[in-house]
1. Starting from segment 268-294, keep only residues that are among the small types (Gly, Ala, Ser), then list their pairs with residues that are outside any loop (DSSP other than H, G, I, E, B) whose Cβ atoms are within a distance under 7 Å, requiring at least 6 positions of separation or different chains.
2. Got a number for residues in segment 419-434 being under 19 Å from Met224 (Cα atoms) and either at pLDDT 80 or above or β-branched (Val, Ile, Thr) (or both)?
3. Within segment 253-261, is even one residue basic (Lys, Arg) and either within 21 Å of Arg227 (Cβ to Cβ) or modelled with pLDDT under 95 (or both)?
4. If you go through segment 337-394, how many residues are in contact with a Ser or Thr (Cβ under 8 Å, 6 or more places away or on another chain), assigned to a loop (DSSP other than H, G, I, E, B) and modelled with pLDDT of 50 or more?
5. Please note which helices (runs of 4 or more DSSP H) are completely contained in segment 1-105 and include at least 1 residues that are surrounded by fewer than 18 Cβ atoms within 10 Å (Cβ to Cβ) and assigned by TED's automatic domain parsing to the domain that holds Ile173.
6. Confirm whether Ser408 is over 19 Å from Cys329 (Cα atoms), part of a loop (DSSP other than H, G, I, E, B) and modelled with pLDDT of 70 or more.
7. Determine whether segment 104-115 contains at least one residue that is free of Cβ contacts under 8 Å to residues at least 60 places away in the same chain and hydroxyl-bearing (Ser, Thr, Tyr).
8. For segment 263-275, what are the residues that are crowded, with 17+ Cβ neighbours inside 10 Å and under 27 Å from Ala211 (Cα atoms)?
Amino acid sequence: MRLLIIGELYGQIGTASTIARSRGAKVAHVVDIESAMNALRDGQGADLIMIEVREDIDKLVTLLMRERFNIPVIACGIKNDKDAAVKAIKSGAKEYIPLPPNEELIAAVLEAITEESNSLIFSSPAMAKVIAMADQIAPSDASIMISGESGTGKEVIARYIHKKSKRSGNTMICVNCAAIPENLLESELFGHEKGAFTGAVARRIGKFEEADGGTILLDEISEMDLRLQSKLLRVLQEREVDRIGGNKPVKVNIRVLATSNRNMQDEVKKGTFREDLYFRLNVITLTMPSLRDRLQDVKPLADHFNQKYSKANGVPVRKISDAALAKLCGYHWPGNVRELENTMHRTVLLASGNIVEPDAIMLQGVIEQSETMTGTNGSAKPASGNTGGLVGRTVDSVEQELIIDTLSYCLGNRTHAANILGISIRTLRNKLKQYGEGGTNIPPPPTGAE
(Lines give C-alpha, C1' and ligand atoms only; values in the text may rest on other atoms or scores of the structure.)
Protein backbone atom coordinates (compact mmCIF):
# COMPACT_ATOMS: atom_id res chain seq x y z
CA MET A 1 0.00 0.00 0.00
CA ARG A 2 1.43 3.37 -1.08
CA LEU A 3 -0.10 6.38 0.69
CA LEU A 4 0.40 9.95 -0.60
CA ILE A 5 -0.47 12.73 1.87
CA ILE A 6 -1.24 16.22 0.55
CA GLY A 7 -1.02 19.14 3.00
CA GLU A 8 -0.13 19.29 6.66
CA LEU A 9 -3.35 17.64 7.93
CA TYR A 10 -3.83 20.45 10.45
CA GLY A 11 -0.51 19.59 12.10
CA GLN A 12 -1.46 15.91 12.44
CA ILE A 13 0.66 14.63 9.55
CA GLY A 14 3.18 12.95 11.85
CA THR A 15 0.51 11.00 13.70
CA ALA A 16 -1.29 9.97 10.49
CA SER A 17 1.97 8.83 8.88
CA THR A 18 2.96 6.81 11.93
CA ILE A 19 -0.40 5.03 12.03
CA ALA A 20 -0.27 4.26 8.30
CA ARG A 21 3.30 2.97 8.48
CA SER A 22 2.43 0.77 11.45
CA ARG A 23 -0.15 -0.88 9.16
CA GLY A 24 2.43 -1.59 6.47
CA ALA A 25 1.89 1.45 4.24
CA LYS A 26 4.65 3.30 2.43
CA VAL A 27 4.01 7.00 3.09
CA ALA A 28 5.04 10.01 1.00
CA HIS A 29 4.20 13.65 1.69
CA VAL A 30 3.79 16.72 -0.53
CA VAL A 31 2.63 20.21 0.37
CA ASP A 32 0.04 20.87 -2.37
CA ILE A 33 -1.90 19.43 -5.31
CA GLU A 34 0.60 20.61 -7.93
CA SER A 35 3.42 18.82 -6.12
CA ALA A 36 1.26 15.70 -5.86
CA MET A 37 0.55 15.66 -9.60
CA ASN A 38 4.24 16.17 -10.38
CA ALA A 39 5.13 13.25 -8.10
CA LEU A 40 2.59 11.00 -9.84
CA ARG A 41 3.79 12.06 -13.29
CA ASP A 42 7.35 11.26 -12.24
CA GLY A 43 6.32 7.70 -11.44
CA GLN A 44 6.17 7.88 -7.65
CA GLY A 45 2.79 6.14 -7.70
CA ALA A 46 0.12 5.87 -5.00
CA ASP A 47 -2.67 3.48 -4.07
CA LEU A 48 -4.43 6.05 -1.87
CA ILE A 49 -4.33 9.83 -1.50
CA MET A 50 -5.07 11.54 1.82
CA ILE A 51 -5.68 15.28 1.47
CA GLU A 52 -6.56 18.17 3.75
CA VAL A 53 -10.19 19.15 3.35
CA ARG A 54 -9.09 22.79 2.97
CA GLU A 55 -7.40 21.94 -0.34
CA ASP A 56 -9.23 22.13 -3.68
CA ILE A 57 -10.40 18.49 -3.79
CA ASP A 58 -12.55 19.05 -6.86
CA LYS A 59 -9.44 20.22 -8.74
CA LEU A 60 -7.45 17.19 -7.58
CA VAL A 61 -10.14 14.70 -8.62
CA THR A 62 -10.50 16.43 -12.01
CA LEU A 63 -6.75 16.32 -12.65
CA LEU A 64 -6.54 12.66 -11.64
CA MET A 65 -9.35 11.73 -14.03
CA ARG A 66 -7.95 13.87 -16.86
CA GLU A 67 -4.53 12.24 -16.61
CA ARG A 68 -5.97 8.75 -16.00
CA PHE A 69 -4.66 8.22 -12.47
CA ASN A 70 -7.24 5.88 -10.93
CA ILE A 71 -6.47 6.61 -7.26
CA PRO A 72 -9.08 6.92 -4.49
CA VAL A 73 -9.02 10.15 -2.49
CA ILE A 74 -9.67 10.45 1.27
CA ALA A 75 -10.33 13.88 2.80
CA CYS A 76 -9.18 14.80 6.33
CA GLY A 77 -10.33 17.69 8.51
CA ILE A 78 -11.13 18.82 12.00
CA LYS A 79 -14.06 17.00 13.61
CA ASN A 80 -16.58 19.85 13.67
CA ASP A 81 -16.11 20.94 10.04
CA LYS A 82 -19.26 19.22 8.74
CA ASP A 83 -19.83 21.56 5.78
CA ALA A 84 -16.30 20.95 4.51
CA ALA A 85 -16.78 17.21 4.87
CA VAL A 86 -19.98 17.25 2.79
CA LYS A 87 -18.32 19.42 0.14
CA ALA A 88 -15.34 17.03 -0.04
CA ILE A 89 -17.57 14.00 -0.63
CA LYS A 90 -19.53 15.86 -3.30
CA SER A 91 -16.21 16.79 -4.96
CA GLY A 92 -15.28 13.13 -5.33
CA ALA A 93 -13.58 12.10 -2.09
CA LYS A 94 -14.35 8.48 -1.19
CA GLU A 95 -14.29 9.03 2.56
CA TYR A 96 -13.85 11.70 5.23
CA ILE A 97 -11.59 11.09 8.22
CA PRO A 98 -11.89 13.46 11.20
CA LEU A 99 -8.71 14.70 12.86
CA PRO A 100 -6.90 14.04 15.11
CA PRO A 101 -6.69 10.66 13.36
CA ASN A 102 -8.19 7.56 14.91
CA GLU A 103 -5.92 4.54 14.53
CA GLU A 104 -8.71 2.02 13.98
CA LEU A 105 -10.48 4.24 11.45
CA ILE A 106 -7.35 4.75 9.36
CA ALA A 107 -6.61 1.03 9.59
CA ALA A 108 -10.13 0.23 8.34
CA VAL A 109 -9.75 2.59 5.38
CA LEU A 110 -6.38 1.12 4.42
CA GLU A 111 -7.78 -2.40 4.72
CA ALA A 112 -10.77 -1.54 2.52
CA ILE A 113 -8.48 -0.15 -0.18
CA THR A 114 -6.02 -3.05 -0.15
CA GLU A 115 -8.67 -5.81 0.07
CA GLU A 116 -10.22 -5.05 -3.33
CA SER A 117 -9.30 -7.87 -5.65
CA ASN A 118 -6.81 -9.85 -3.60
CA SER A 119 -9.08 -12.56 -2.19
CA LEU A 120 -8.45 -16.10 -3.39
CA ILE A 121 -11.43 -18.17 -2.30
CA PHE A 122 -11.77 -21.75 -3.49
CA SER A 123 -12.29 -25.36 -2.45
CA SER A 124 -12.30 -27.10 -5.85
CA PRO A 125 -9.51 -29.39 -7.13
CA ALA A 126 -9.40 -27.37 -10.38
CA MET A 127 -8.42 -24.18 -8.56
CA ALA A 128 -6.12 -26.03 -6.17
CA LYS A 129 -4.16 -27.22 -9.21
CA VAL A 130 -3.83 -23.65 -10.52
CA ILE A 131 -2.69 -22.35 -7.13
CA ALA A 132 -0.10 -25.12 -6.83
CA MET A 133 1.38 -24.17 -10.19
CA ALA A 134 1.31 -20.46 -9.29
CA ASP A 135 3.23 -21.21 -6.09
CA GLN A 136 5.84 -23.09 -8.10
CA ILE A 137 6.47 -20.40 -10.72
CA ALA A 138 5.99 -17.26 -8.59
CA PRO A 139 9.61 -17.01 -7.32
CA SER A 140 11.00 -16.84 -10.88
CA ASP A 141 11.18 -13.78 -13.12
CA ALA A 142 9.63 -15.59 -16.08
CA SER A 143 6.89 -13.88 -18.09
CA ILE A 144 3.51 -15.53 -17.59
CA MET A 145 0.45 -15.58 -19.84
CA ILE A 146 -2.76 -16.05 -17.86
CA SER A 147 -5.67 -17.17 -20.01
CA GLY A 148 -9.30 -17.88 -19.26
CA GLU A 149 -12.81 -16.64 -19.83
CA SER A 150 -13.82 -13.18 -18.69
CA GLY A 151 -14.56 -12.97 -14.99
CA THR A 152 -12.59 -16.05 -13.93
CA GLY A 153 -10.14 -14.11 -11.75
CA LYS A 154 -7.10 -13.66 -13.98
CA GLU A 155 -6.07 -10.42 -12.28
CA VAL A 156 -6.55 -11.99 -8.85
CA ILE A 157 -4.15 -14.82 -9.63
CA ALA A 158 -1.68 -12.31 -11.11
CA ARG A 159 -1.68 -10.38 -7.82
CA TYR A 160 -1.23 -13.65 -5.96
CA ILE A 161 1.85 -14.47 -8.07
CA HIS A 162 3.32 -11.03 -7.40
CA LYS A 163 2.80 -11.36 -3.63
CA LYS A 164 4.55 -14.74 -3.71
CA SER A 165 7.46 -13.46 -5.82
CA LYS A 166 10.79 -11.98 -4.79
CA ARG A 167 9.46 -8.63 -6.08
CA SER A 168 6.58 -8.55 -3.57
CA GLY A 169 8.16 -5.67 -1.65
CA ASN A 170 7.95 -3.50 -4.76
CA THR A 171 5.08 -2.17 -6.82
CA MET A 172 2.66 -4.10 -9.01
CA ILE A 173 1.14 -1.96 -11.74
CA CYS A 174 -1.97 -3.10 -13.65
CA VAL A 175 -2.88 -1.73 -17.07
CA ASN A 176 -6.16 -2.67 -18.73
CA CYS A 177 -5.23 -2.57 -22.42
CA ALA A 178 -8.90 -2.87 -23.44
CA ALA A 179 -10.15 0.02 -21.32
CA ILE A 180 -7.70 2.68 -22.53
CA PRO A 181 -8.28 4.21 -25.99
CA GLU A 182 -5.62 3.35 -28.56
CA ASN A 183 -4.39 6.95 -28.89
CA LEU A 184 -3.70 7.11 -25.12
CA LEU A 185 -2.35 3.63 -24.41
CA GLU A 186 1.13 4.32 -25.79
CA SER A 187 1.58 7.32 -23.49
CA GLU A 188 0.12 5.34 -20.58
CA LEU A 189 2.60 2.49 -21.03
CA PHE A 190 5.76 4.26 -22.14
CA GLY A 191 5.31 7.83 -20.89
CA HIS A 192 5.93 11.08 -22.70
CA GLU A 193 7.96 14.26 -22.53
CA LYS A 194 6.43 17.71 -22.13
CA GLY A 195 5.17 19.01 -25.47
CA ALA A 196 5.47 15.60 -27.19
CA PHE A 197 1.89 16.00 -28.45
CA THR A 198 -1.15 18.21 -27.95
CA GLY A 199 -2.18 18.02 -24.31
CA ALA A 200 1.22 16.87 -23.01
CA VAL A 201 1.46 19.71 -20.50
CA ALA A 202 4.16 18.04 -18.43
CA ARG A 203 6.48 15.05 -18.54
CA ARG A 204 4.70 11.82 -17.59
CA ILE A 205 6.40 8.62 -16.48
CA GLY A 206 4.84 5.55 -18.11
CA LYS A 207 3.61 2.44 -16.32
CA PHE A 208 6.72 0.45 -17.23
CA GLU A 209 8.94 2.97 -15.45
CA GLU A 210 6.52 3.19 -12.53
CA ALA A 211 6.76 -0.59 -12.15
CA ASP A 212 10.58 -0.55 -12.11
CA GLY A 213 11.80 -3.18 -9.65
CA GLY A 214 8.35 -4.76 -9.48
CA THR A 215 5.73 -6.34 -11.72
CA ILE A 216 3.55 -5.02 -14.53
CA LEU A 217 0.30 -6.72 -15.51
CA LEU A 218 -0.93 -6.16 -19.06
CA ASP A 219 -4.60 -7.05 -18.74
CA GLU A 220 -6.42 -8.15 -21.94
CA ILE A 221 -3.26 -7.75 -23.98
CA SER A 222 -4.95 -9.21 -27.07
CA GLU A 223 -6.72 -5.83 -27.45
CA MET A 224 -3.41 -4.03 -28.05
CA ASP A 225 -2.79 -2.47 -31.46
CA LEU A 226 -0.12 -4.16 -33.63
CA ARG A 227 2.01 -1.01 -33.70
CA LEU A 228 2.20 -0.94 -29.92
CA GLN A 229 2.89 -4.68 -29.86
CA SER A 230 6.08 -3.98 -31.81
CA LYS A 231 7.17 -1.37 -29.25
CA LEU A 232 6.29 -3.71 -26.40
CA LEU A 233 8.42 -6.47 -27.94
CA ARG A 234 11.44 -4.18 -27.80
CA VAL A 235 10.78 -3.44 -24.12
CA LEU A 236 10.75 -7.17 -23.37
CA GLN A 237 13.89 -7.83 -25.38
CA GLU A 238 16.00 -4.84 -24.31
CA ARG A 239 14.40 -4.06 -20.92
CA GLU A 240 14.25 -0.38 -21.81
CA VAL A 241 11.49 2.04 -22.82
CA ASP A 242 11.36 5.02 -25.15
CA ARG A 243 9.12 7.83 -23.94
CA ILE A 244 7.12 9.63 -26.61
CA GLY A 245 9.19 12.66 -27.54
CA GLY A 246 12.21 11.38 -25.62
CA ASN A 247 15.75 11.30 -27.02
CA LYS A 248 17.19 8.36 -25.09
CA PRO A 249 15.88 5.04 -23.80
CA VAL A 250 15.31 4.39 -20.09
CA LYS A 251 16.32 1.06 -18.52
CA VAL A 252 13.68 -0.80 -16.52
CA ASN A 253 13.81 -3.88 -14.29
CA ILE A 254 10.39 -5.49 -14.48
CA ARG A 255 8.54 -8.77 -14.54
CA VAL A 256 5.73 -8.95 -17.10
CA LEU A 257 2.45 -10.79 -16.60
CA ALA A 258 -0.28 -10.71 -19.25
CA THR A 259 -3.89 -11.86 -19.44
CA SER A 260 -6.33 -12.55 -22.25
CA ASN A 261 -9.80 -14.00 -22.56
CA ARG A 262 -9.10 -15.05 -26.15
CA ASN A 263 -7.26 -18.00 -27.68
CA MET A 264 -3.90 -16.36 -28.34
CA GLN A 265 -2.81 -18.97 -30.87
CA ASP A 266 -5.92 -18.15 -32.90
CA GLU A 267 -5.11 -14.43 -32.65
CA VAL A 268 -1.60 -15.15 -33.96
CA LYS A 269 -3.03 -17.13 -36.90
CA LYS A 270 -5.45 -14.31 -37.71
CA GLY A 271 -2.59 -11.81 -37.72
CA THR A 272 -4.00 -9.68 -34.91
CA PHE A 273 -1.21 -10.58 -32.49
CA ARG A 274 2.52 -10.85 -33.20
CA GLU A 275 3.88 -14.36 -32.96
CA ASP A 276 7.29 -13.23 -31.65
CA LEU A 277 5.61 -11.21 -28.89
CA TYR A 278 3.39 -14.15 -28.00
CA PHE A 279 6.42 -16.41 -27.51
CA ARG A 280 8.15 -13.72 -25.42
CA LEU A 281 5.14 -13.45 -23.11
CA ASN A 282 4.21 -17.12 -23.07
CA VAL A 283 7.16 -18.58 -21.18
CA ILE A 284 4.61 -20.17 -18.84
CA THR A 285 0.83 -20.39 -19.27
CA LEU A 286 -1.73 -20.49 -16.49
CA THR A 287 -5.30 -21.28 -17.48
CA MET A 288 -8.08 -20.19 -15.13
CA PRO A 289 -11.01 -22.63 -15.07
CA SER A 290 -14.52 -21.31 -15.66
CA LEU A 291 -16.89 -21.23 -12.69
CA ARG A 292 -19.08 -23.96 -14.24
CA ASP A 293 -15.99 -26.21 -14.12
CA ARG A 294 -15.45 -25.49 -10.42
CA LEU A 295 -18.97 -25.54 -8.99
CA GLN A 296 -17.56 -26.55 -5.58
CA ASP A 297 -16.44 -22.92 -5.30
CA VAL A 298 -19.90 -21.39 -5.76
CA LYS A 299 -20.86 -21.74 -2.08
CA PRO A 300 -17.68 -20.28 -0.52
CA LEU A 301 -17.65 -17.46 -3.08
CA ALA A 302 -21.34 -16.71 -2.55
CA ASP A 303 -20.80 -16.64 1.22
CA HIS A 304 -17.84 -14.29 0.78
CA PHE A 305 -19.72 -11.85 -1.45
CA ASN A 306 -22.79 -12.08 0.79
CA GLN A 307 -20.73 -10.93 3.78
CA LYS A 308 -18.82 -8.32 1.77
CA TYR A 309 -21.87 -6.55 0.35
CA SER A 310 -23.96 -6.92 3.49
CA LYS A 311 -21.25 -5.02 5.34
CA ALA A 312 -20.88 -2.47 2.53
CA ASN A 313 -24.62 -1.76 2.48
CA GLY A 314 -25.08 -1.76 6.25
CA VAL A 315 -27.48 -4.70 6.35
CA PRO A 316 -27.31 -7.87 8.49
CA VAL A 317 -25.69 -10.93 6.93
CA ARG A 318 -28.45 -13.38 5.95
CA LYS A 319 -27.86 -17.12 5.68
CA ILE A 320 -28.21 -18.48 2.15
CA SER A 321 -30.92 -21.17 2.14
CA ASP A 322 -30.35 -24.61 0.61
CA ALA A 323 -32.87 -23.84 -2.13
CA ALA A 324 -31.12 -20.57 -2.97
CA LEU A 325 -27.75 -22.32 -3.02
CA ALA A 326 -29.18 -25.00 -5.32
CA LYS A 327 -30.34 -22.26 -7.67
CA LEU A 328 -26.86 -20.72 -7.70
CA CYS A 329 -25.17 -24.08 -8.29
CA GLY A 330 -27.62 -24.99 -11.07
CA TYR A 331 -26.80 -21.92 -13.14
CA HIS A 332 -24.16 -22.01 -15.90
CA TRP A 333 -22.47 -18.63 -15.01
CA PRO A 334 -21.41 -17.28 -18.43
CA GLY A 335 -19.88 -14.28 -16.63
CA ASN A 336 -18.06 -16.55 -14.14
CA VAL A 337 -16.98 -15.23 -10.72
CA ARG A 338 -17.60 -11.63 -11.72
CA GLU A 339 -21.21 -12.44 -12.57
CA LEU A 340 -21.62 -14.31 -9.28
CA GLU A 341 -20.30 -11.25 -7.44
CA ASN A 342 -22.79 -8.98 -9.22
CA THR A 343 -25.58 -11.47 -8.50
CA MET A 344 -24.80 -11.61 -4.79
CA HIS A 345 -24.59 -7.82 -4.60
CA ARG A 346 -28.13 -7.63 -5.97
CA THR A 347 -29.25 -10.47 -3.73
CA VAL A 348 -28.13 -8.58 -0.64
CA LEU A 349 -30.23 -5.61 -1.75
CA LEU A 350 -33.30 -7.66 -2.72
CA ALA A 351 -33.40 -10.17 0.15
CA SER A 352 -35.79 -9.78 3.08
CA GLY A 353 -36.22 -11.60 6.35
CA ASN A 354 -33.42 -13.55 7.99
CA ILE A 355 -32.65 -15.97 5.14
CA VAL A 356 -31.77 -15.53 1.46
CA GLU A 357 -34.46 -17.37 -0.51
CA PRO A 358 -34.43 -18.19 -4.27
CA ASP A 359 -36.80 -15.36 -5.20
CA ALA A 360 -34.18 -12.80 -4.12
CA ILE A 361 -31.64 -14.11 -6.63
CA MET A 362 -31.58 -12.35 -10.00
CA LEU A 363 -30.05 -14.37 -12.84
CA GLN A 364 -29.44 -12.90 -16.30
CA GLY A 365 -31.09 -9.67 -15.22
CA VAL A 366 -34.49 -11.25 -14.42
CA ILE A 367 -36.02 -11.85 -10.98
CA GLU A 368 -37.44 -15.36 -11.26
CA GLN A 369 -40.46 -15.64 -9.00
CA SER A 370 -42.57 -18.47 -10.43
CA GLU A 371 -42.26 -22.18 -11.09
CA THR A 372 -42.32 -21.45 -14.83
CA MET A 373 -38.99 -19.66 -14.47
CA THR A 374 -37.18 -22.12 -12.20
CA GLY A 375 -36.72 -25.85 -12.05
CA THR A 376 -38.00 -27.95 -9.17
CA ASN A 377 -34.58 -27.87 -7.54
CA GLY A 378 -34.41 -24.07 -7.67
CA SER A 379 -31.98 -24.02 -10.59
CA ALA A 380 -32.37 -21.77 -13.59
CA LYS A 381 -34.60 -23.25 -16.27
CA PRO A 382 -33.61 -22.77 -19.92
CA ALA A 383 -35.70 -20.42 -22.01
CA SER A 384 -38.38 -22.00 -24.15
CA GLY A 385 -36.83 -20.69 -27.35
CA ASN A 386 -40.03 -18.81 -28.32
CA THR A 387 -38.95 -15.78 -30.34
CA GLY A 388 -42.44 -14.47 -31.02
CA GLY A 389 -41.70 -11.27 -29.14
CA LEU A 390 -38.79 -10.51 -31.46
CA VAL A 391 -40.61 -10.97 -34.76
CA GLY A 392 -41.08 -7.67 -36.54
CA ARG A 393 -38.08 -6.03 -34.87
CA THR A 394 -34.76 -5.23 -36.52
CA VAL A 395 -31.53 -6.91 -35.45
CA ASP A 396 -30.13 -3.49 -34.49
CA SER A 397 -33.00 -2.77 -32.09
CA VAL A 398 -32.69 -6.19 -30.42
CA GLU A 399 -28.93 -5.73 -30.10
CA GLN A 400 -29.39 -2.28 -28.59
CA GLU A 401 -31.86 -3.56 -26.01
CA LEU A 402 -29.55 -6.43 -25.07
CA ILE A 403 -26.58 -4.10 -24.62
CA ILE A 404 -28.50 -1.55 -22.52
CA ASP A 405 -30.08 -4.28 -20.36
CA THR A 406 -26.68 -5.91 -19.79
CA LEU A 407 -25.17 -2.55 -18.86
CA SER A 408 -27.97 -1.97 -16.34
CA TYR A 409 -27.41 -5.47 -14.97
CA CYS A 410 -23.74 -4.57 -14.40
CA LEU A 411 -24.66 -1.33 -12.58
CA GLY A 412 -23.20 0.72 -15.42
CA ASN A 413 -19.80 -1.02 -15.35
CA ARG A 414 -18.85 -1.11 -19.02
CA THR A 415 -15.91 -3.49 -18.65
CA HIS A 416 -18.10 -6.09 -16.95
CA ALA A 417 -20.87 -5.61 -19.52
CA ALA A 418 -18.46 -6.08 -22.42
CA ASN A 419 -17.16 -9.29 -20.86
CA ILE A 420 -20.66 -10.74 -20.46
CA LEU A 421 -21.64 -9.69 -24.00
CA GLY A 422 -18.48 -11.22 -25.44
CA ILE A 423 -17.36 -8.00 -27.16
CA SER A 424 -14.40 -5.69 -26.64
CA ILE A 425 -14.72 -2.58 -24.49
CA ARG A 426 -13.89 -0.57 -27.61
CA THR A 427 -16.85 -2.04 -29.50
CA LEU A 428 -19.11 -1.36 -26.52
CA ARG A 429 -17.96 2.26 -26.34
CA ASN A 430 -18.73 2.78 -30.02
CA LYS A 431 -22.18 1.23 -29.64
CA LEU A 432 -23.01 3.38 -26.60
CA LYS A 433 -21.81 6.50 -28.40
CA GLN A 434 -24.15 5.63 -31.24
CA TYR A 435 -27.07 5.00 -28.88
CA GLY A 436 -26.32 8.15 -26.90
CA GLU A 437 -26.53 10.25 -30.01
CA GLY A 438 -29.93 8.66 -30.60
CA GLY A 439 -31.19 9.79 -27.21
CA THR A 440 -31.13 6.38 -25.48
CA ASN A 441 -31.04 6.43 -21.69
CA ILE A 442 -27.68 4.76 -21.02
CA PRO A 443 -26.76 3.85 -17.41
CA PRO A 444 -23.72 5.89 -16.34
CA PRO A 445 -20.56 4.02 -15.28
CA PRO A 446 -19.94 3.86 -11.52
CA THR A 447 -17.41 6.29 -10.09
CA GLY A 448 -13.84 5.16 -10.77
CA ALA A 449 -14.86 2.41 -13.19
CA GLU A 450 -15.80 2.07 -16.81
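The values are calculated or read from the model by the stated rules, or taken from the named source; none is laboratory data. Just so we're clear, the structure is a prediction, and the values are computed from it rather than from any experiment. Cβ sites come from the backbone with ideal geometry, for glycine too, and all protein chains shown count toward neighbours.
1. Short answer, once both residue conditions are applied: Ser290/Asn336.
2. Number of matching residues: 6.
3. First, pick out the residues of segment 253-261 that are basic (Lys, Arg): 255.
Right, trim to either within 21 Å of Arg227 (Cβ to Cβ) or modelled with pLDDT under 95 (or both) and you get none.
For segment 253-261, residues basic (Lys, Arg) and either within 21 Å of Arg227 (Cβ to Cβ) or modelled with pLDDT under 95 (or both): absent.
4. 2
5. Helices (runs of 4 or more DSSP H) meeting the threshold: none at all.
6. No; evaluated as a whole, the condition is false for this residue.
7. no
8. Met264, Phe273, Arg274
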